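Values quoted throughout were computed directly from the atomic coordinates according to the rules given, and no laboratory measurement underlies them. The structure displayed is predicted, hence computed values, not measured ones. Positions of Cβ are backbone-derived with ideal geometry, glycine not excepted, and every protein chain shown enters the neighbour counts.
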Amino acid sequence: MSAGPYNYSYIFKYIIIGDMGVGKSCLLHQFTEKKFMADCPHTIGVEFGTRIIEVSGQKIKLQIWDTAGQERFRAVTRSYYRGAAGALMVYDITRRSTYNHLSSWLTDTRNLTNPSTVIFLIGNKCDLEAQRDVTYEEASKFAEENGLLFVEASAKTGDNVEEAFLETAKKIYQSIQDGRLDLNAAESGVQHKPSQPGRNNLSNDQQANKDNCAC
Amino acid sequence: MITEPDKEHVLSKRMYKILESRIENDQDTIEALRELSTFYTENTLQARRNLRSQIEKRSLDINQNFLASFKAVKVSFDSVYNDIAEMNKSIQDMTLQLQNAKSQTKKLLQKTSALQEEKVKIELHQDITSSFLKSFQLQPEDLVALYGDGHKRDVPITFDTFRALEKVQEIHSNCKILMKAGLQTLALDTMEQMTQHKEGALEVIYRWTQSHCRNVDNPDLKDILAQAMAKLQDRMVFFKYVIEEYCIGRRSFLVGEFLNALTKGGPSGNPAPIETRAHDAQIYVTDMLVWINRAIPIEKQNLQLLVTSCTCENLDEIVNDALANICEGICQPLKIRIEKILIVPTQAATLYAVVNMLRYYKKCINKLVKGGQLEDTLTELLEKSEQVFLELLQQQINGLLVRVEAPPRDLSPTSAVSHLLAVLRDMLSTASMSEGRETDMIKIANAVLEPLLRAVNEQAARLPPTDMAVYLLNCMYSMYTCLSMYEFMEDRLERLQAQSDAQIDTLTSEQASSLVANLSLGPIYTILQDHSQDALSGVPGMEPSNLRNFLLKLTNLSVQPDSILLPQINLLLSSKHKKSVQKRSFALLLAIYKQLYEAVHNPANQYDNPSDILSKTPEELNSMFE
């Protein structure tokens, strides 16, 4: 991980997941470029974006992996779950099917990340109120039941986009402060000061042992 | 009579006197005697008797003589008298006349002196007037200098013209003195007159300059032209017209020259016409741009020659605008030709060279002339060529990646990937030496890498997880090594690095699983994780023999670490990746061993002689794997 020439104390790794066409890449683009990308092609494999933010006076570099929603890239995208400190799980409020798949996305995330990973549920396209197919209350309840943070956002208008990314970072930072996230043992903790480029860890081998280990 | 006896006393007295008188002393007597002696020659009686008559006769004669003589005298005297009287009369006349003349002359004199005074006055006036004329009016030679003699339309301008014009100017300003002296009307008239002269002269100069300005490189004319332009600054309208006229002339001249250089070449075909090299886009574009870059300074020099004596404040701007104007003509032919090149399919690398050439010369030309159509054209061409270049590059890439090839069995990057990376390396090497290299390089890297990464991901998505990770790692390693040779690639490298790390994680986990399976560690690990209060030694599968067996296997592995590695790990191109996967999967094993070691040494698990079962401490084992 080449720590760039910038001054920052942590790197937080995020992944953005969710069904095809829910607007994952647009959310990322809105967050990094503050612009709406109208004609966004399907993501192939993974895309990548960074932005430096500030939480409690600390500069934090967000390294965000935007994954392909298509099933055929699942093998490729799975590699990126490991070591994610934040997972943004996105559905489209105008398409119920994308909401219905959330539980399978959540299972994947829980299996592939470590328990301290902050999972943030985002109901995207909240600007299309007229075509709404999933109510706020329903999704909110789902989030609560599964211990997720939740917000409805719009990559088009930029509503709540910044907030979602920043809230996640705050939560992660808080975990570090509380000691729930051990930086040194870091294993899958995912944040490293840029001064220690030595990889985080051998991570967890779910494959054989279904559940992870090592930390 | 002397001897005459008379009365006594008188006689006596006489006597006495006679007696007393001494004859010899008496002159008269002597004289008389002498006279007597002349005619009384003989003393005879006769004679004595006659003496008296004789004397009387003689006296008579004498008197008669005297009378006759005197008569002549009188006559002449009378005529003299008459003459004198006449003279007197004439003189009197003359006096009268003189008197008259005198009185007349006096008037004349008065008149004369009056006239003389007047003359002096008039002469003074004349002096004043002529010196006034000299200093406040133009001399005929000035007028000739200004307007030429006769009515020829094309008056040749000389330095005298400027001198005369300066005089006009001077007179004009001198009129202020007149003004101060109270001669308002005169001053105003003169000023008006001078203004008219000035206008006339400026117009003459303007006409002449307009028709001669094209020949500014003629050494005979350049000084006069420069001075004429300096004069015309007083009438910016004329000045601008001349500059415009000049621009029009030079513009068509420049276009002509450019077209000649393109189609005819130099004199007797040396240098050869530029268009003969039209088949080689790079040389063709370079030649055209070089020609333009060489022609503009000459134009600039000429233009500056023209305005060399001008002092107006925005001169630089005028020169620049004029130059831009002159260059306008060549825009079209240049544009047509370069656009034609852009249409003809060529190699992306060739087009990139064209882009760089355009960029370089645009900068050079921009130093000579700012703004204007030429700059716009060059900007437009540059943008277009960049665009065409990127499109071409895209095409080339897409052409190479059109088929999603299956990765080869050794999981090395496919030939299309290697080929594209070679293309990228070529392009970046060229770009790293060009002007705006940072943006260029990033653009090129993006143009190549984005589709490449996508293609690689597509290919990898069809492979089983281990193969996928290895193939992706190999491809990204090739990209990484390619990019790491160039500047400005930090973001790309960071991303590749992060992507590689994710794949290394995957591989590590695959490898670790395979190790766990190979060492039959699975059950042991599961028991360790789930173990409840029961002592471990009693749990099936946790027998000391089994554990000893495990340690043996582990020791063997440390001797021959390659023996139970996944075969795909050996296909990793980067030894660093390989080492990292190996090290981390071993570390995972060691972590489990450590857990096991601690469990066995925990009395609660009731193992007899724990150090006999697991004879090696985790530290010892660790150093074996180092």
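Quick one: how many lysine pairs in the range B:509-625 have C-alpha atoms under 25 angstrom apart, if they're 8 or more apart or on different chains?
So the count works out to 11.
Restricting things to alpha carbons, tell me how big the range B:137-232 is in terms of Rg and Dmax, in Å.
14.8, 50
If you bin the C-alpha pair distances of the range A:10-201 every 5 Å from 0, what whole percents do you get?
1, 8, 17, 22, 21, 16, 9, 4, 1, 0
List, largest first, the extents of the alpha carbons of the protein assembly as shown along their principal axes, each in whole Å.
Sorted largest first, the three principal extents are 257, 67, 62 Å.
How crowded by other chains is B:491-500, given as the mean number of beta carbons from other chains within 10 Å of each beta carbon? Could the numbers behind the result be given before it?
Working: counts 4, 1, 2, 8, 8, 2, 3, 11, 7, 1.
Partner Cβ neighbours, averaged per residue: 5.
Could you work out the Kirkwood radius for the range B:16-107, taking every pair of different alpha carbons, averaging 1/r and inverting it, reported in Å? Present the calculation step by step, with values, prior to reporting the outcome.
Details: mean 1/r = 0.0528 Å⁻¹.
That comes to 18.9 Å for the range B:16-107.
If one takes the longest principal axis of the Cα atoms in chain B, at what angle in degrees, from 0 to 90 and to the nearest 10, does the Cα axis of helix B:45-136 lie?
Helix B:45-136 sits at roughly 10 degrees to that axis.
Compute the FRET efficiency between residue B:487 and residue A:129 as 1/(1 + (r/R0)^6), taking r as their Cβ-Cβ distance and R0 = 60 Å, and round to the nearest 0.05. Spell out each step's value before the answer.
Values: r = 48 Å, r/R0 = 0.81.
The computed FRET efficiency comes out at 0.80.
Angle, helix B:490-518 long axis vs. longest principal axis of chain B, Cα atoms, 0 to 90°, nearest 10?
Once rounded, the angle reads 10 degrees.
Debye sum, Cα scatterers, the range A:94-145, no solvent: what log₁₀ I/I(0) at q = 0.26 1/Å?
-1.10
Place +1 on the Cβ of every Lys and Arg and -1 on the Cβ of every Asp and Glu in the range B:137-232, take the dipole about the Cα centre, and give the residue among B:179, B:158, B:221 whose Cα lies farthest towards its positive end.
B:179
Taking the alpha carbon gyration tensor of chain B, what are the square roots of 5 times its eigenvalues, largest first, to the nearest whole Å? The partial results should precede the final answer.
Values: eigenvalues 5098, 211, 92 Å².
Semi-axis lengths for chain B are 160, 32, 21 Å.
May I ask you to sort B:586, B:77, A:142, A:73 by Cβ crowding, counting other Cβ atoms within 10 Å and putting the fewest first? If you can, show how the numbers build up before the last one.
Working: B:586 24, B:77 11, A:142 18, A:73 21.
Ranking B:586, B:77, A:142, A:73 by Cβ neighbours within 10 Å, fewest first, gives B:77, A:142, A:73, B:586.
At a Förster radius of 45 Å, what calculated FRET efficiency corresponds to the Cβ-Cβ distance of residue B:556 and residue A:180, to the nearest 0.05?
Details: r = 40 Å, r/R0 = 0.88.
Given R0 = 45 Å and the Cβ-Cβ separation, E is 0.70.
Which lysines have a Cα less than 19 Å from the Cα of residue B:119, not counting those fewer than 8 places away in the same chain?
Those lysines meeting the cut-off are B:107, B:111.
What lysines does residue B:17 reach when the alpha-carbon gap must be under 21 Å and sequence neighbours fewer than 8 apart in one chain are set aside?
B:7
Along the charge dipole of chain B, which of B:518, B:120, B:455 sits closest to the positive end, that is, farthest toward it, with unit charges on the beta carbon of Lys, Arg, Asp and Glu (+1, +1, -1, -1)?
Result: B:120, furthest along the dipole toward the positive end.
Most exposed first by the Cβ proxy, i.e. fewest other Cβ within 10 Å, how do B:590, B:19, A:88 rank?
Values: B:590 20, B:19 10, A:88 27.
Lowest to highest Cβ neighbour count: B:19, B:590, A:88.
Rounding to the nearest 20 debye, state how big the charge dipole of the range B:325-366 is about its Cα centre with +1 on each Lys and Arg Cβ and -1 on each Asp and Glu Cβ. Don't jump to the answer; show the numbers that get you there.
Working: 6 positive and 2 negative charges, 18 e Å.
In total the dipole reaches around 80 debye.
Answer rounded, prolate or oblate for the range A:35-88, using the Cα gyration tensor with square roots of eigenvalues a ≥ b ≥ c: rounded when a/c is under 1.5, else prolate when a/b is larger than b/c, else oblate.
Details: a/c = 3.51, a/b = 1.48, b/c = 2.36.
Here the range A:35-88 falls in the oblate category.
Just the projected area, averaged over all directions, of the convex hull on the alpha carbon atoms of the range B:509-625: how many nm²?
It is 6.9 nm².
Using all alpha carbons of the range B:541-604, what is the percent of pairwise distances in each 5 Å bin, ordered from the shortest bin to the longest?
4, 15, 21, 23, 14, 11, 7, 4, 1, 0
May I ask for the angle, rounded to the nearest 10°, between helix B:437-461 and the longest principal axis of chain B, with both axes built from Cα atoms and the value confined to 0 to 90°?
Approximately 20 degrees, to the nearest ten.
If you consider only alpha-carbon coordinates, what radius of gyration and Dmax does the range B:407-473 have, in Å?
For the range B:407-473, the Cα-based Rg and Dmax read 14.2, 45 Å.
About its Cα centre, how strong a charge dipole does the protein assembly as shown have in debye, to the nearest 20, once Lys and Arg get +1 and Asp and Glu get -1 at the Cβ?
Values: 91 positive and 106 negative charges, 455 e Å.
Here the protein assembly as shown has a charge dipole of around 2180 debye.
What is the list of residues in the range B:584-626 whose amide nitrogen lies under 15 Å from a point 7 angstrom out from the Cα of residue B:563, following Cα to Cβ?
Within reach of a label on residue B:563, which here means backbone N under 15 Å from a point 7 Å along Cα→Cβ, the range B:584-626 contributes B:625.
For the range B:389-505, what is the charge dipole size about the Cα centre, in debye to the nearest 20, if Lys and Arg each add +1 at the Cβ and Asp and Glu each add -1 at the Cβ?
About 360 debye.
Which order results if B:350, B:508, B:158 are arranged by neighbouring Cβ count within 10 Å, fewest first? Mind dumping the intermediate values first?
Details: B:350 16, B:508 28, B:158 12.
Taking fewest neighbouring Cβ atoms as first place, the list is B:158, B:350, B:508.
Rounded to the nearest 0.05, what FRET efficiency is calculated for residue B:316 and residue B:127 with R0 set to 60 Å and r the Cβ-Cβ distance? Present the calculation step by step, with values, prior to reporting the outcome.
Values: r = 51 Å, r/R0 = 0.86.
With R0 = 60 Å, the Cβ-Cβ based efficiency is 0.70.
Suppose only helical runs count, i.e. DSSP H with n ≥ 4. What mean residue ellipticity at 222 nm does that imply for chain B under -39500 (n - 2.57) per run, divided by all residues and rounded to the nearest 500 deg cm²/dmol?
Details: 21 runs with 479 residues, N = 626.
When only DSSP H runs of four or more count, the value is -27000 deg cm²/dmol.
The range B:389-505: D in µm²/s via Stokes-Einstein (Kirkwood Rh, Cα pairs, 4 °C, 1.567 mPa s)?
90
Using the Cα atoms of the range B:264-335 to build a convex hull, what is its mean projected area in square nanometres? Please list the in-between numbers first.
Details: hull surface 23.2 nm².
The Cα convex hull of the range B:264-335, projected and averaged over all directions, gives 5.8 nm².
Kindly identify the range B:227-272 as rounded, prolate or oblate by the Cα gyration tensor criterion: order the square roots of the eigenvalues as a ≥ b ≥ c, call it rounded if a/c is under 1.5, otherwise compare a/b with b/c, prolate if a/b is larger, else oblate.
Details: a/c = 7.91, a/b = 3.45, b/c = 2.29.
Prolate is the answer for the range B:227-272, as a/c is 1.5 or above and a/b outweighs b/c.
Any chance you could run the full-extension gain for residue B:290 through residue B:305? It's 0.36 nm times the residue separation minus the Cα-Cα distance, nm to one decimal.
Details: separation 15, 0.36 × 15 = 5.40 nm, distance 2.34 nm.
The span from residue B:290 to residue B:305 would gain 3.1 nm if fully extended.
Are any of the pairs A:13/A:171; B:198/B:231; B:300/B:335; A:13/A:125 more than 19 Å apart by Cα-Cα distance, and if so, which? Present the calculation step by step, with values, prior to reporting the outcome.
Details: A:13/A:171 13 Å; B:198/B:231 10 Å; B:300/B:335 22 Å; A:13/A:125 24 Å.
In this structure, B:300/B:335; A:13/A:125 lie more than 19 Å apart at Cα.
Working from the alpha-carbon coordinates of the range B:260-388, get Rg over Rh, Rh being the Kirkwood radius. Each step should come with its number before you reach the end.
Details: Rg = 15.9 Å, Rh = 15.6 Å.
We get a ratio of 1.02 for the range B:260-388.
Hey, what did the range B:509-625 get for relative contact order, percent, Cα under 8 Å, at least 6 apart? Before the final figure, lay out the partial values.
On the way: 81 pairs, mean separation 44.5, N = 117.
Over the range B:509-625, the number comes to 38 percent.
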